[in-house]
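Report on the structure given below.
The values are calculated or read from the model by the stated rules, or taken from the named source; none is laboratory data. Since this is a predicted model, take the numbers as computed values, not measurements. To get the accessible areas, we keep the full protein, side chains included, count just its heavy atoms, and leave off ligands, DNA and RNA. Shrake-Rupley method; radii C 1.70, N 1.55, O 1.52, S 1.80 Å.
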Amino acid sequence: MSVKKIFWDNPYLTKLEAKVTRVNGNVITLDQTIAFAFSGGQQSDSGTIGGFEIIEAKKEEKEIFYTIREKHNLIPNQNVIVIIDWEKRYRLMKLHFAAEIILELVYQNYNHPEKIGANITVDKARVDFFWEGRISEIFPELLNKANNIINSNLDIVSAFDDEENEKRYWYIEGFAKVPCGGTHIRRTGEIGPISLKRNNLGSGKERIEIYLKS
(Lines give C-alpha, C1' and ligand atoms only; values in the text may rest on other atoms or scores of the structure.)
Protein backbone atom coordinates (compact mmCIF):
# COMPACT_ATOMS: atom_id res chain seq x y z
CA MET A 1 0.00 0.00 0.00
CA SER A 2 1.28 3.50 -0.80
CA VAL A 3 0.07 7.05 -0.47
CA LYS A 4 -0.90 9.03 -3.58
CA LYS A 5 1.57 11.91 -3.74
CA ILE A 6 -0.45 14.89 -4.87
CA PHE A 7 2.57 17.15 -4.27
CA TRP A 8 3.93 15.81 -7.56
CA ASP A 9 0.69 16.39 -9.50
CA ASN A 10 0.28 19.89 -8.09
CA PRO A 11 3.14 21.22 -5.94
CA TYR A 12 1.25 24.52 -5.52
CA LEU A 13 -1.68 22.93 -3.67
CA THR A 14 -1.71 23.93 0.00
CA LYS A 15 -4.88 22.24 1.30
CA LEU A 16 -6.27 18.76 0.67
CA GLU A 17 -8.89 16.41 2.07
CA ALA A 18 -7.48 12.94 2.70
CA LYS A 19 -8.42 9.76 4.52
CA VAL A 20 -6.44 8.26 7.39
CA THR A 21 -5.43 4.73 6.39
CA ARG A 22 -3.51 3.58 9.48
CA VAL A 23 -2.87 4.79 13.02
CA ASN A 24 -0.03 3.48 15.18
CA GLY A 25 0.24 5.62 18.28
CA ASN A 26 1.11 9.09 17.04
CA VAL A 27 2.26 7.82 13.61
CA ILE A 28 -0.32 7.82 10.82
CA THR A 29 -0.58 7.20 7.08
CA LEU A 30 -2.96 8.71 4.52
CA ASP A 31 -4.51 7.66 1.22
CA GLN A 32 -3.22 10.84 -0.46
CA THR A 33 -1.08 13.78 0.61
CA ILE A 34 0.43 17.15 -0.24
CA ALA A 35 2.97 17.05 2.63
CA PHE A 36 6.41 16.18 1.22
CA ALA A 37 8.71 13.94 3.28
CA PHE A 38 12.48 14.47 3.40
CA SER A 39 14.02 13.01 0.26
CA GLY A 40 16.94 13.77 -2.02
CA GLY A 41 18.24 16.36 0.40
CA GLN A 42 14.99 18.38 0.37
CA GLN A 43 13.59 19.21 3.81
CA SER A 44 10.13 17.93 4.77
CA ASP A 45 7.11 20.20 4.63
CA SER A 46 5.60 21.64 7.79
CA GLY A 47 1.87 21.71 8.35
CA THR A 48 -1.07 19.99 10.01
CA ILE A 49 -3.18 16.86 9.53
CA GLY A 50 -6.68 17.12 10.98
CA GLY A 51 -5.51 20.16 12.90
CA PHE A 52 -2.57 18.30 14.49
CA GLU A 53 0.95 19.52 13.80
CA ILE A 54 3.22 17.32 11.66
CA ILE A 55 6.28 16.64 13.81
CA GLU A 56 8.04 14.40 11.30
CA ALA A 57 7.40 13.08 7.80
CA LYS A 58 9.36 9.97 6.90
CA LYS A 59 9.40 8.24 3.52
CA GLU A 60 9.87 4.46 3.45
CA GLU A 61 9.72 2.93 -0.03
CA LYS A 62 6.42 4.26 -1.46
CA GLU A 63 4.78 5.08 1.87
CA ILE A 64 5.01 8.24 3.98
CA PHE A 65 4.68 7.98 7.76
CA TYR A 66 3.60 11.14 9.56
CA THR A 67 4.36 11.65 13.22
CA ILE A 68 1.84 14.04 14.78
CA ARG A 69 1.23 15.37 18.27
CA GLU A 70 0.40 12.81 20.94
CA LYS A 71 -3.12 12.64 22.37
CA HIS A 72 -4.65 13.15 18.94
CA ASN A 73 -8.09 11.71 18.17
CA LEU A 74 -7.55 10.49 14.60
CA ILE A 75 -8.79 7.04 13.64
CA PRO A 76 -8.56 4.89 10.47
CA ASN A 77 -10.99 5.81 7.65
CA GLN A 78 -11.48 9.28 9.10
CA ASN A 79 -11.44 12.17 6.61
CA VAL A 80 -8.99 14.91 7.54
CA ILE A 81 -7.77 18.20 6.07
CA VAL A 82 -4.06 18.36 5.30
CA ILE A 83 -2.58 21.86 5.23
CA ILE A 84 1.04 22.73 4.45
CA ASP A 85 3.08 25.82 5.29
CA TRP A 86 3.12 27.38 1.81
CA GLU A 87 5.79 29.99 2.53
CA LYS A 88 8.20 27.26 3.59
CA ARG A 89 7.26 24.98 0.66
CA TYR A 90 7.71 27.73 -1.93
CA ARG A 91 11.14 28.75 -0.58
CA LEU A 92 12.19 25.09 -0.61
CA MET A 93 11.02 24.70 -4.22
CA LYS A 94 12.90 27.80 -5.34
CA LEU A 95 16.10 26.89 -3.49
CA HIS A 96 15.82 23.29 -4.66
CA PHE A 97 15.66 24.29 -8.27
CA ALA A 98 18.38 26.92 -7.90
CA ALA A 99 20.58 24.09 -6.60
CA GLU A 100 19.54 21.85 -9.52
CA ILE A 101 20.60 24.56 -12.00
CA ILE A 102 23.93 25.18 -10.26
CA LEU A 103 24.67 21.45 -10.05
CA GLU A 104 23.88 20.86 -13.71
CA LEU A 105 25.95 23.87 -14.81
CA VAL A 106 28.94 22.62 -12.80
CA TYR A 107 28.54 19.18 -14.37
CA GLN A 108 28.23 20.53 -17.91
CA ASN A 109 30.95 23.18 -17.78
CA TYR A 110 33.55 21.89 -15.35
CA ASN A 111 34.19 18.28 -16.30
CA HIS A 112 31.45 16.66 -14.19
CA PRO A 113 33.14 16.63 -10.75
CA GLU A 114 31.86 14.11 -8.23
CA LYS A 115 29.01 15.38 -6.06
CA ILE A 116 29.40 14.20 -2.48
CA GLY A 117 26.41 15.82 -0.80
CA ALA A 118 23.42 18.14 -1.10
CA ASN A 119 20.84 19.65 1.22
CA ILE A 120 17.96 22.11 0.87
CA THR A 121 16.48 24.01 3.81
CA VAL A 122 14.41 27.21 3.94
CA ASP A 123 17.57 29.26 4.57
CA LYS A 124 19.86 27.96 1.85
CA ALA A 125 20.73 25.11 -0.45
CA ARG A 126 24.14 23.50 -0.68
CA VAL A 127 25.95 21.19 -3.06
CA ASP A 128 29.29 19.56 -2.15
CA PHE A 129 31.97 18.35 -4.57
CA PHE A 130 35.37 16.78 -4.71
CA TRP A 131 37.24 19.78 -6.10
CA GLU A 132 40.87 20.86 -6.22
CA GLY A 133 41.43 24.53 -5.40
CA ARG A 134 38.88 27.22 -4.60
CA ILE A 135 35.51 26.52 -6.20
CA SER A 136 34.63 30.22 -5.80
CA GLU A 137 36.94 30.93 -8.78
CA ILE A 138 34.14 29.73 -11.08
CA PHE A 139 31.39 31.75 -9.34
CA PRO A 140 31.35 34.74 -11.74
CA GLU A 141 30.85 32.51 -14.80
CA LEU A 142 28.53 30.15 -12.89
CA LEU A 143 26.29 33.01 -11.70
CA ASN A 144 26.20 34.53 -15.18
CA LYS A 145 25.03 31.25 -16.71
CA ALA A 146 22.56 30.56 -13.88
CA ASN A 147 21.06 34.06 -14.10
CA ASN A 148 20.63 33.67 -17.85
CA ILE A 149 18.54 30.53 -17.25
CA ILE A 150 16.57 32.15 -14.40
CA ASN A 151 15.94 35.42 -16.24
CA SER A 152 14.83 33.56 -19.39
CA ASN A 153 11.88 32.24 -17.34
CA LEU A 154 12.07 28.82 -19.01
CA ASP A 155 9.40 26.14 -18.67
CA ILE A 156 10.24 23.30 -16.28
CA VAL A 157 8.62 19.97 -17.10
CA SER A 158 8.30 17.52 -14.17
CA ALA A 159 7.00 14.02 -14.91
CA PHE A 160 7.44 10.27 -14.42
CA ASP A 161 10.07 8.20 -16.17
CA ASP A 162 8.64 5.13 -14.41
CA GLU A 163 5.35 5.73 -12.59
CA GLU A 164 5.13 2.27 -11.00
CA ASN A 165 8.49 2.73 -9.29
CA GLU A 166 7.93 6.46 -8.69
CA LYS A 167 10.98 7.53 -10.69
CA ARG A 168 10.61 11.16 -11.79
CA TYR A 169 12.63 13.77 -13.66
CA TRP A 170 12.70 17.45 -14.52
CA TYR A 171 13.41 18.76 -18.00
CA ILE A 172 14.29 22.14 -19.49
CA GLU A 173 14.43 22.16 -23.27
CA GLY A 174 17.94 22.82 -24.52
CA PHE A 175 19.47 22.54 -21.06
CA ALA A 176 19.01 19.22 -19.28
CA LYS A 177 16.87 16.26 -18.27
CA VAL A 178 17.65 15.14 -14.71
CA PRO A 179 16.22 12.39 -12.45
CA CYS A 180 14.63 14.00 -9.38
CA GLY A 181 11.73 13.24 -7.05
CA GLY A 182 11.43 16.64 -5.39
CA THR A 183 8.77 19.32 -5.71
CA HIS A 184 9.50 21.70 -8.56
CA ILE A 185 8.49 25.18 -9.61
CA ARG A 186 6.93 25.59 -13.07
CA ARG A 187 9.27 28.23 -14.50
CA THR A 188 12.86 29.22 -13.78
CA GLY A 189 11.95 32.90 -13.33
CA GLU A 190 10.20 32.09 -10.06
CA ILE A 191 13.61 31.64 -8.40
CA GLY A 192 14.60 35.29 -8.69
CA PRO A 193 18.17 36.53 -8.06
CA ILE A 194 20.55 34.24 -6.20
CA SER A 195 23.95 34.53 -4.55
CA LEU A 196 26.68 31.94 -3.99
CA LYS A 197 29.08 31.38 -1.12
CA ARG A 198 32.08 29.06 -0.86
CA ASN A 199 32.74 26.79 2.10
CA ASN A 200 35.91 24.69 2.23
CA LEU A 201 35.31 21.28 3.80
CA GLY A 202 38.98 20.22 3.71
CA SER A 203 40.70 17.30 1.92
CA GLY A 204 39.80 18.51 -1.58
CA LYS A 205 36.13 18.98 -0.74
CA GLU A 206 34.36 22.22 -1.62
CA ARG A 207 30.82 23.41 -0.91
CA ILE A 208 28.66 25.82 -2.90
CA GLU A 209 26.01 27.48 -0.76
CA ILE A 210 23.07 29.01 -2.65
CA TYR A 211 20.90 31.81 -1.26
CA LEU A 212 17.79 33.57 -2.51
CA LYS A 213 18.11 37.34 -2.60
CA SER A 214 14.38 37.91 -2.23
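In summary, the lysines within cross-link reach of K205, defined as a Cα separation below 30 angstrom excluding same-chain residues under 8 places away, comprise K58, K59, K88, K94, K115, K124, K145, K167, K177, K197, K213.
Between E56 and T67, the built amide H atoms are under 5 Å apart, and every one of these is 5 or more places off in sequence or on another chain.
In the chain, the calculated helix contribution to ellipticity at 222 nm averages -6000 deg cm²/dmol per residue, counting -39,500 (n - 2.57) for every DSSP H run with n ≥ 4.
Determine the share of the chain's accessible area contributed by carbon and sulfur atoms, expressed in whole percent, with a 1.4 angstrom probe. Kindly include the intermediate steps, with their values, before the conclusion.
Working: 4760 of 10800 Å².
Carbon plus sulfur share of accessible area: 44 percent.
Taking Cα atoms, how many degrees apart are the long axis of helix 86-109 and the longest axis of the chain, rounded to 10 and kept between 0 and 90? On a 0 to 90 degree scale, this one is about 40.
Remark: segment 130-178 carries 63 Å² of accessible area per residue (probe radius 1.4 Å; ligands, DNA and RNA excluded).
Hey, what did segment 82-164 get for relative contact order, percent, Cα under 8 Å, at least 6 apart?
Relative contact order of segment 82-164: 25 percent.
For K4, the accessible surface of its heavy atoms amounts to roughly 110 Å² (probe 1.4 Å, protein chains only, rounded to the nearest 10). Note that segment 3-61 presents 46 Å² accessible area per residue, ligands and nucleic acids not counted, probe 1.4 Å.
Give me the percent relative contact order of the chain, please, defined on Cα pairs under 8 angstrom at least 6 residues apart. It would help to have the intermediate numbers written out before the result.
Working: 448 pairs, mean separation 40.0, N = 214.
19 percent.
A straight line joining the Cα centroids of segment 1-44 and segment 96-120 runs 28 Å. For the chain, the longest principal axis of the C-alpha atoms and the axis of helix 139-151 are separated by about 50°. Largest mean-square fluctuation among G50, G133, G117, in a Gaussian network model of the chain whose springs join Cα atoms under 10 Å apart, belongs to G133.
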